[in-house]
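Novice: There's a structure below that I have some questions on.
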Amino acid sequence: MVELEKNNPLLRGIFKKNYNEKIDQTKLKKVIEIFNEENLCEYGEDMIGRIYEFFLGEFFRDRGQKGGEFYTPDSIVKLMVNIIKPQKGKIYDPCCGTGGMLVQCKKYIKERGGDLRDITV
């Protein structure tokens, strides 16, 4: 955002720089430290994506919105992957947020004995 404003005079001053102003910075630091100390790979594939989706769902539920308005629920992603049946070529996820579609494509290919080297992401 800083670079965009620096290189585009029309954009100067329009971007909010601190999205955490209402969050207790001491508590936020402690949460970051906890996640930083954990090796989340031990808990299986895509743990960070699952955690992210969980917090999105909880955050928006508290505000009367559905988390699915901001990320694609796992059941929909699985349906999409089963429709496109990825095996070879390119996989393109233009809205890649948590990477859930890419993870589901990988699972789909492995379950069917495909070779992940035949795929470009």
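Nothing in this text is a laboratory measurement; each read-out follows from the coordinates by a stated rule. Since the model is a prediction, treat every value here as computed from it, not as a measurement.
Novice: What are the ³J(HN,Hα) couplings of segment 91-104, residue after residue, when phi is run through the Karplus curve with 6.51, -1.76, 1.60 and θ = phi - 60°? Round to Hz, x for glycine and proline.
Specialist: Values per residue, Gly and Pro as x: 10, 10, 10, x, 10, 4, x, 8, x, x, 5, 5, 5, 5 Hz.
Novice: Further question: Which entries of K29/K106; K85/K110; K30/K78; K85/K107; K30/K106; K6/K27 have Cα-Cα distances beyond 23 Å here? Show your work: numbers first, answer last.
Specialist: Details: K29/K106 34 Å; K85/K110 12 Å; K30/K78 34 Å; K85/K107 11 Å; K30/K106 34 Å; K6/K27 32 Å.
Pairs exceeding 23 Å: K29/K106; K30/K78; K30/K106; K6/K27.
Novice: Expressed as a fraction of 2.2 N^0.38 Å, the rule-of-thumb size for a compact globular protein of N residues, what is the C-alpha radius of gyration of segment 68-121? It would help to have the intermediate numbers written out before the result.
Specialist: On the way: Rg = 10.9 Å, N = 54, 2.2 N^0.38 = 10.0 Å.
With N residues counted in segment 68-121, Rg over 2.2 N^0.38 Å equals 1.08.
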